[in-house]
Amino acid sequence: MKIRTRYAPSPTGRMHVGNLRTALYAYLIAKHEGGDFLLRIEDTDREREMEGAVDIIYRTLEETGLRHDEGPDIGGPVGPYVQSERQAQGIYLEYAKKLVEKGEAYYCFCTPERLKTLTKTVNGEEITQYDKHCLSLSKEEVEANLAAGMPYVIRQNNPRTGTTTFHDELYGDISVDNAELDDMILIKSDGYPTYNFANVVDDHLMGITHVVRGNEYLSSAPKYNRLYEAFGWEVPVYVHCPLITDENHKKLSKRSGHSSFEDLVEQGFIPEAVVNYVALLGWSPESEREIFSLSELVKEFDFHRISKSPAVFDMVKLRWMNGEYIKAMDFDRFYALAEPFLKKVITKPLDLRKIAAMVKTRIEVLPDIEGHIDFFEKMPEYDCSMYVHKKMKTNEETSLNVLKEVRPLLAASEDFSNDGLFSLLKAYADEHGYKTGYVMWPIRTALSGREMTPAGATEILEVLGKEESLSRIDAAIEKLGG
RNA sequence: GGCCUUGUAGUCAAGCGGUCAAGACGUCGCCCUCUCACGGCGAAGGCCCGGGUUCGAUUCCCGGCAAGGUCACCA
């Protein structure tokens, strides 16, 4: 049988990294076996719906490369793929009524006020368990209420005794006392289905074979199972993914500042790196490899190797991985990404491509660029003590001397390329019996005013050009009292 | 509070009765080197606790403990 998985987000905002990983795993499970990956929009909560959110979903799927085979935008054999459209067709009500006929669900006319009396507070959380009050209504009473236009919901009718067991591919068999199962609402008073119900109905109607979802649904899974059984439908394979947490081991929330894919992209992360990192949060390949393209993941992915324990989202490791992607990236693409950051700092007509090349192996995230290159634009303030370097055996005096001697050589040099400059200065050093660093250190300091730079002295000379370089060296000589 | 799940270094993680308990990030040290970075080499750091079962438990069982999740007309 062909595997069919789905990603079923609700359009309420940016794509949370937990959802992204769920989508990724669903995609990988399907594609590893040559199956289908579908997109379904779950817009049954008209309150929380956000304008433009569907576009964010499309864009994120596009940027991460998680191409769906069926969905609202491209259609497919089991559409529509938007739940509000499906509800308009009356699909959910129709199926809910089937359950009512079977005695697996019932109409409920309880008012919010009455429901409130059923609520108790535990640890600051409000907990409500319905008391099956409306289950005892006779058929006539229900008909009368409906005829009178009383608002109603339809609830699942769960048994109060016995146990329900469901199977998860990762977690194994999980049994729950039926007394724990609330009579959850299937159809809301506005006529829309709840997530719980729409999900089951649509997954079945759309032929989903593997339901991939976050582990926060683990405790409600038995109720879904009962729904499948009530309908007499085959229960899909459940794959509950472990939770992704923040550094405090709490469910990742918007407050952490990096909870969504878009947040991360804004912070300068590369989509491929995010996908790669997220794939490894809760899953590990057989090999020791860590860097995987999406297509390599498709090949390697065995969902049985998904772990069961929650994982902390580690920005430090993500940064490292992003750096790996930047280093491996072909230069033109890197330059395209880097250019805005370069131009933010540098307005002078310097060779930005050369500067980009310098910085490529030294950053983890695009915005890191800015901190490396500001001295090109403008010579920063610095202290003369910077000329003192124990290992290079330099101090202010030796530096002044070197700068003075080297200045005319540079002024006379026709060749201001990195290679030419290096051999010129190397020859000078050899001639005087100096170590290379002994002469390079003061020059680099004079040119940059920085203890560390993304390039050596000669590369900086090359980029700065003769005129600017000499002027900076002159300023340094003066600063050193020469 | 009920229920569910999880528990290998700071973090991600291999492991599936016998291992010097992989690997990666981070940290520290060394090498390379015109600084830094890259790259190379190395170090420190771990099986939640207590009982069993077993010749032998990180691994199996039981009990604790801890953490997280969940208990909506949200998904």
Check: Looking at chain A, which Cys residues are left with no other cysteine's beta carbon under 4.7 Å from theirs?
Finding: A:110, A:241, A:384
Margin query: Please list, in order along the stretch A:369-386, the HN-Hα scalar couplings obtained from phi with the Karplus expression 6.51 cos²θ - 1.76 cosθ + 1.60 (θ = phi - 60°), rounded to whole Hz, x for Gly and Pro.
Written below: 3, 3, x, 8, 10, 4, 5, 5, 6, 8, 5, x, 5, 7, 9, 4, 4, 5
Item checked: Beta bridge orientation in chain A: antiparallel %, DSSP, nearest 5 -> 60 percent
Next item on the list: Assign one of three labels to the stretch A:412-458, namely rounded, prolate or oblate, based on the Cα gyration tensor with a ≥ b ≥ c the square roots of its eigenvalues; rounded applies when a/c is under 1.5, prolate when it is not and a/b is larger than b/c, and oblate otherwise.
Entry: oblate
Next item on the list: Using the number of other C-beta atoms within 10 angstrom as an exposure proxy, rank A:343, A:479 with the fewest first.
Entry: A:343, A:479
Item checked: Violating pairs (Cα-Cα greater than 18 angstrom) within the set A:327/A:360; A:116/A:250; A:116/A:254; A:391/A:435; A:360/A:426 -> A:116/A:250; A:116/A:254; A:360/A:426
Item checked: 5 angstrom amide H check on residue A:105, placed H, neighbours 5+ away -> A:100, A:157
Note to self: Using only DSSP helix segments of four residues or longer, with each worth -39500 (n - 2.57), what per-residue ellipticity at 222 nm results for chain A after dividing by its residue count and rounding to 500?
What the structure shows: -14000 deg cm²/dmol
Next item on the list: Within the stretch A:437-467, list the GluC sites (Glu not before Pro) lying in a DSSP loop whose Cβ has at most 10 other Cβ atoms in a 10 Å radius.
Entry: A:451
Checklist line | Fewest-first sequence of A:241, A:134 by Cβ atoms within 10 Å of each Cβ | finding: A:134, A:241
Next item on the list: Averaging sequence separations of C-alpha pairs under 8 Å and six or more residues apart, then dividing by the length of chain A, give the relative contact order as a whole percent.
Entry: 12 percent
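Each value in this text was obtained by applying a stated rule to the coordinates, not by laboratory testing. Owing to the predicted nature of the structure, the values given are computational and were not obtained by experimental measurement. Every residue, glycine as well, gets a Cβ built from its backbone with ideal geometry; the counts of neighbours run over all protein chains shown.
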